[in-house]
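To start, the structure itself, in structure tokens.
The values are calculated or read from the model by the stated rules, or taken from the named source; none is laboratory data. These numbers were taken from a predicted model, which means no experiment stands behind them. Here the Cβ is made from the backbone with ideal geometry for all residues, glycine too, and neighbour counts use every protein chain on show.
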Amino acid sequence: MESTTSYANTVIYIIEGLLVAFILINILKARGGKRLFIRRIQGLNYIDDAVGRATEMGKPIAFSPGIGGLSILTLQALSVLTHVVRKAARYGTRVIACVCDAMIYTIADEMCKDAYEAENASEFFNGNDIRFLSDSQFSYASAFVGMLHRERPAAVFLFGHYAAESLILAENGQAVGGIQIAGTPDTTQVPFFLATCDYTIIGDEYYAAGAYLSKEPTLLGSLVGQDYGKIVLIITIIIGIAAATCTALAPGSTAAQWLSTHFLEYFK
Amino acid sequence: MHTLFAPKHGVELWLYIAGSLVIGAGLLLLLCQTPQRLRKPVIAFVTFLGGLYFTLEFLIPHDNYFTHVMPEVVNAEIVVSCFTLFIGIYNLFGVHGRAIRRKQPGWYNSVAFFAAFFLIASAGFIKDMRPDSAATPLFEILFNGFMNSLQSTTFSLIAFYIVSAAYRAFRIRNSESVLMMITAMIIMLGLVPLGSALTSFIPANSFFSFLRLEKLSYFILLLPNMAVQRAIAFGVGVGSMAMGLRIWLSLERGSFFDEEL
Amino acid sequence: MSKFITEHAPAITLWASALCTFAVYSILYKENKFYRFFEHVFLGLATGYSFYLTWSLVMKPRWWDVMVGKGVWAWAFAAVFGSMFYFMYSKKHAWISKLIFGLFMGLSAGGIFREFYEIYFPQLGATMRPLATNEVIAEGPWATTVYVAGVLLFYVILFSVISYFFFSFEQKGKMIKASSSLGRTFLMIGFGAIFGATVMGRMTLFIGRFNFLVNNWAPQVAADWHWFKYVLPILVIAAVAGIILALKKKPVETEEPPTE
Amino acid sequence: MNLKKLQNIDKRILYILLAIVIVTPLFVRPSKHPDAVFDEVQNAFNTIDNMPDDKVAFVSIVWGPGTIAENRPQTEVLMRHLFMKHKKFVVLSWDMPGTKLSYDVGKALEEELGMEYGKDWCHLGYRPAYVAMISRAMGEDFQKQFAEDYNNKPLKEMPLPAKIKSAKDIGIVIDITPSATMGTWLAYFCGPYNVPIVTCPTAVMSAEAYPYLDSGQVSGMLNGVIGASMYETLIGRGNTRTEAAATAWSLSCAHIYIILLIVLGNIGYIAAGKKAKR
């Protein structure tokens, strides 16, 4: 049977090739020791304030890495978790991390243990504070809400992949009076975090958070590469605008025909 | 080769299965013996191979072998990923078992957890084996009566939370919150028949017809909202491409990837 | 026991649903033991159900039946691969679990090239709009102006929002700074639109639960107990009064006045 | 009255009022449908109306009890239209409880309109939600993916599903969904095999669909239950007391209520601000 699937073509090779090249080149450059600039990301700076507030009030911190499974998105959330745990460990403040995936649970547990060790605060580590709640979305949400009301944390961090349950978590976090910081690349959930959280990290910024907090050269380099990638897309769009205008105004001309068969056709 | 992989039956089949398990265990033992310095490269290589499959399937610019074996590969992926089943159950049993053993406050809730778990799981399995037994209605009760209603009621809590969130958040504090508030209000009015009736006095074909709420909300959803979403999507697209690359080529950094092996 | 269940299954289901509905809604008033109990029941059911589902819908038909039933013995290796996940519990050999994680992450990472093409290329294509077309020009200068203004506005929004997400350029230049803060403004409009568009969907969820209580549960109750229709309004009034009284007694501690 | 208090109304009062506002129209059940029909609903109607008669519509049910209030009216009105026009369709559910719910909708309409199961429509039962993988494989070899229908009857024994070999036999995908499955359908089925798609998201997901509608990747959309009530107007049921119409009224009231609350909150906020300045 003949397959009707579509496959790569020249334009794909060029555009995806450029993206790949820019990202890899900048990663290599950064690893080679080139100093790179990253703009300030609002919200991430307040993480430390929130940890401080919880310490002052003598209350715990709650952390949710979202409802995603083992993916980059969730691993990114875990790197924020490590950051929070290390800060909290210095003051002996509890961090209650509630996880929605069994594999993520084991990784999170391991990472928190390491974070306490790195701060020489192993005696504060409590295995019961890293919890696997449920891998079902709303069961997780209901258990997280129960936890919020019982533990009454002073700071709530919501990082990772979220769907409809975002508002259930955040509105209850607000009700128990915690300072809340959220971050997610899921555009549909951002408005609800904006409405209920004190600080929200939006869209693409979420992917930059790891680089911003860790200052790891590979991640910084990749971030710079992504900026170039966006420029590639902008240029593609501008060429496209010109081509589309040309074909719309003078459909019969040779230029228009060439552009539509050799360029516009590939973006259908 | 062909006869080796042909379907086997009876005792022969079980011998083959046992044989594969023994070979598999041997391979795992071999992996256990892998010297430390080789471990990261081995993981990187396997990750690369995994990624290479889908990459080649797409980048070879014509009908190719990889496309044809796709259903089998996908099937294997699903099956193997299902083996993680017990990890979550193991964790939960640990937590709630401890709560009961130590008679922690609210330990009876943990009893309810175990009861619910075993009831629904065993009802499910028994109902599949004997559909005419009492397990079938019991499963219906647990599933439709309890689980579904808990799930959909929890979901529907959002209806209430969205009201309190809107009420609290949409204050004329700064230009940003005002913009968000006004846009949300226009969309809310424009999307429902009663809201759009507010401006139905404006003739549909007049110059000012764009001020009708349904037109206005349609315009916002179609133009600014679409442009914004597309802009975010392009950023996220490039970001996920970068992540995919970093993972595929084992360039990713961060706690999970840097741990000592 | 089994006879009782078989005979009364629909009624039990109905009452259980109603009970669960009330238990979950009770959190809107305040966290309580009733809610806590059902929270754990939910947890147990969700876990048990996914356990059952994974076996009977995926593992059995796609693996066990093929291997044992059809005799495709090579599927036994799936168990070997699957067991690799469990090495995460061993301190010494945890790396083997990372091997299989790596394979899976590689598989999902490899799909990125197709994903980027299938999802984002048509989006790029749709973004390439002509600044003017012959049809619009033929309609007259006013139509042309409106059309061009619309397209330009679209590009202003698109590019300014993209520029907001530039991380590596120091936003010092006036141009970039202005564009990026404009981008943030448009982002807020976009998020407001999403918020407004979402409200409706969430309300229907509550409507769904309400329909259940009124169309399924209440008629059953009314049929069982004829006096219920007289009691129900009293119960509702009592609940409302109770809440109002409770509110009067003690000012609620949440809801700090908004901070600037 | 102290206007300042308006910025701190207790949540529980808001909640009770919301319940009252939503519930009232559901009891009254007005029959009036919206007058205006949005373009994307009209386009959805046209796309389904123009599907070639020798092809089969593929109705994908992703919803379950959680979003029944929105997705069931959509399913009902679309199936009704397909039956009325004698277009054949198959249904597949990705949600366990949604399987029976969608089967019941089809069965009720089948009886009402005098159709025949297996010839005019067919329910393929339930698949766990691996939409990407199954939709892709289904385009290559339909019969390999689906052997039996909802009642465990082999597909080969029924005239309608037996003739579906691959993506070429599918004229349209109708995705009725509360989650982000549209992108998956586009990437793994509708894009590669060039099949039009009509999406019926819950109102929540609809905002995400507009870019795809504009680019033509998605042919039409029924935006939540409002879309369903507009579609009812299109197929000539504009004056019937339907679930969709009652729900549309409820939603109208809820929206107005929220807007009033926002206004009240701001009055309180301004009042408090003035006082503070003094």
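Looking only at region C:1-25, count how many residues are assigned to a helix (DSSP H, G or I), facing chain B (nearest Cβ under 8 Å) and either at positive phi or surrounded by fewer than 14 Cβ atoms within 10 Å (Cβ to Cβ) (or both). Going through region C:1-25 one residue at a time, the tally reaches 2.
Residues checked against (1) surrounded by fewer than 22 Cβ atoms within 10 Å (Cβ to Cβ); (2) of a type in the set (A, V, I, L, M, F, W, C):
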| residue | (1), (2) |
| --- | --- |
| C:TYR86 | yes, no |
| C:LYS92 | yes, no |
| C:PHE113 | no, yes |
| C:PRO122 | yes, no |
| C:THR127 | no, no |
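Would you call A:ILE237 crowded, with 19+ Cβ neighbours inside 10 Å, within 11 Å of chain C (Cβ to nearest Cβ) and at pLDDT 85 or above? In short, yes.
Considering B:GLU259, B:GLU252, the condition of being in contact with a helix residue (DSSP H, G or I) (Cβ under 8 Å, 6 or more places away or on another chain), more than 30 Å from C:LEU152 (Cα to Cα), modelled with pLDDT under 85 and crowded, with 22+ Cβ neighbours inside 10 Å is satisfied by B:GLU252 alone.
Only one of the listed residues (A:ALA170, A:ALA163, A:ALA182) is closer than 20 Å to A:ALA97 by Cβ and surrounded by fewer than 24 Cβ atoms within 10 Å (Cβ to Cβ). That residue is A:ALA163. So, C:LEU153, is that one on the phi < 0 side of the Ramachandran plot and more than 27 Å from the chain's Cα centre (by Cα) or not? Yes. Here region C:160-209 is the region considered, the condition is being more than 27 Å from A:SER222 (Cβ to Cβ) and of a type in the set (Lys, Arg), and the residue that is nearest to the chain's Cα centre (by Cα) is C:ARG202. The one condition from (1) surrounded by fewer than 24 Cβ atoms within 10 Å (Cβ to Cβ); (2) assigned to a helix (DSSP H, G or I); (3) not aliphatic (A, V, I, L, M) that A:PHE193 does not meet is (1).
Are any of the residues in region D:28-37 farther than 23 Å from D:HIS81 by Cβ and in a helix (DSSP H, G or I)? Yes - at least one qualifying residue is present in region D:28-37. Being at pLDDT below 75 and within 11 Å of chain D (Cβ to nearest Cβ) is the filter; apply it to region B:198-213 and report the residue that is farthest from D:ILE256 (Cα to Cα). Ranking the qualifying residues of region B:198-213, first place goes to B:ALA204.
C:SER97 meets the conditions (1) more than 8 Å from chain B (Cβ to nearest Cβ); (2) surrounded by fewer than 20 Cβ atoms within 10 Å (Cβ to Cβ); (3) free of Cβ contacts under 8 Å to residues at least 60 places away in the same chain in every case but one. The failed one is (2). For D:LEU222, the criteria (1) surrounded by fewer than 22 Cβ atoms within 10 Å (Cβ to Cβ); (2) within 21 Å of D:ASP175 (Cα to Cα) hold in every case but one, which is (1).
Among the residues that make up region A:28-38, is at least one of them facing another protein chain (nearest Cβ under 8 Å), in contact (Cβ under 8 Å) with a residue 12 or more places away in the chain and under 20 Å from the mean Cα position of the chain (by Cα)? Looking for residues that are facing another protein chain (nearest Cβ under 8 Å), in contact (Cβ under 8 Å) with a residue 12 or more places away in the chain and under 20 Å from the mean Cα position of the chain (by Cα), one finds at least one in region A:28-38, hence yes.
Write out, first by first residue and then by second, each pair whose Cβ atoms fall under 9 Å of each other, whose residues are 6+ apart or on separate chains, and whose first residue, in region A:111-137, is assigned by TED's automatic domain parsing to the domain that holds A:GLY69 while the second is loosely packed, with under 12 Cβ neighbours inside 10 Å and acidic (Asp, Glu). If the second residue must be loosely packed, with under 12 Cβ neighbours inside 10 Å and acidic (Asp, Glu), the pairs left are A:TYR116/A:GLU123. Comparison of C:LEU153, C:LEU158, C:LEU182 shows that the only residue that is surrounded by fewer than 18 Cβ atoms within 10 Å (Cβ to Cβ), under 30 Å from C:GLN123 (Cβ atoms) and facing chain B (nearest Cβ under 7 Å) is C:LEU153.
A single member of A:ILE72, A:ILE61 is free of Cβ contacts under 8 Å to residues at least 12 places away in the same chain and closer than 30 Å to A:LEU133 by Cβ, and it is A:ILE72.
Let's see how each residue does on (1) under 24 Å from A:ASP109 (Cα atoms); (2) out of contact with any strand residue (DSSP E or B) (no Cβ under 8 Å at 6 or more places or on another chain); (3) modelled with pLDDT of 85 or more; (4) more than 8 Å from chain C (Cβ to nearest Cβ):
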{"residue": "B:VAL46", "(1), (2), (3), (4)": "no, yes, yes, no"}
{"residue": "B:GLY50", "(1), (2), (3), (4)": "no, yes, yes, no"}
{"residue": "B:HIS62", "(1), (2), (3), (4)": "no, yes, no, yes"}
{"residue": "B:MET70", "(1), (2), (3), (4)": "no, yes, no, yes"}
{"residue": "B:GLU77", "(1), (2), (3), (4)": "no, yes, yes, no"}
{"residue": "B:VAL80", "(1), (2), (3), (4)": "yes, yes, yes, no"}
{"residue": "B:GLY88", "(1), (2), (3), (4)": "yes, no, no, no"}
{"residue": "B:LEU92", "(1), (2), (3), (4)": "yes, no, yes, no"}
{"residue": "B:GLY97", "(1), (2), (3), (4)": "yes, yes, yes, yes"}
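Residues that are in contact with a Lys or Arg (Cβ under 6 Å, 6 or more places away or on another chain) and more than 10 Å from chain C (Cβ to nearest Cβ) number at least 1 in the following helices (runs of 4 or more DSSP H) confined to region D:187-278: D:243-277.
Looking at C:PHE85, C:PHE77, C:PHE81, C:PHE121, just one residue is assigned to a helix (DSSP H, G or I) and more than 8 Å from chain B (Cβ to nearest Cβ), and that residue is C:PHE121.
Looking at D:LYS119, D:LYS163, just one residue is in contact with a Pro (Cβ under 7 Å, 6 or more places away or on another chain) and loosely packed, with under 15 Cβ neighbours inside 10 Å, and that residue is D:LYS119.
I'm trying to understand the selection: among the residues of region A:221-268, which are polar (S, T, N, Q), touching a residue at least 12 places away in the same chain (Cβ under 8 Å) and closer than 24 Å to D:GLY191 by Cβ? Residues satisfying the conditions are A:THR236, A:THR247, A:SER260. A count restricted to region A:73-104 and to residues that are closer than 25 Å to A:GLN189 by Cα and in contact with a Lys or Arg (Cβ under 8 Å, 6 or more places away or on another chain) stands at 4. Of the helices (runs of 4 or more DSSP H) lying entirely inside region B:1-106, those containing at least 1 residues that are under 31 Å from the mean Cα position of the chain (by Cα) and closer than 29 Å to C:TYR89 by Cα are B:10-32, B:36-59, B:70-82, B:85-101.
Of all residues in region A:178-211, those satisfying the criterion of being farther than 17 Å from A:ALA50 by Cβ, free of Cβ contacts under 8 Å to residues at least 40 places away in the same chain and among the hydroxyl-bearing types (Ser, Thr, Tyr) are A:THR187, A:THR188.
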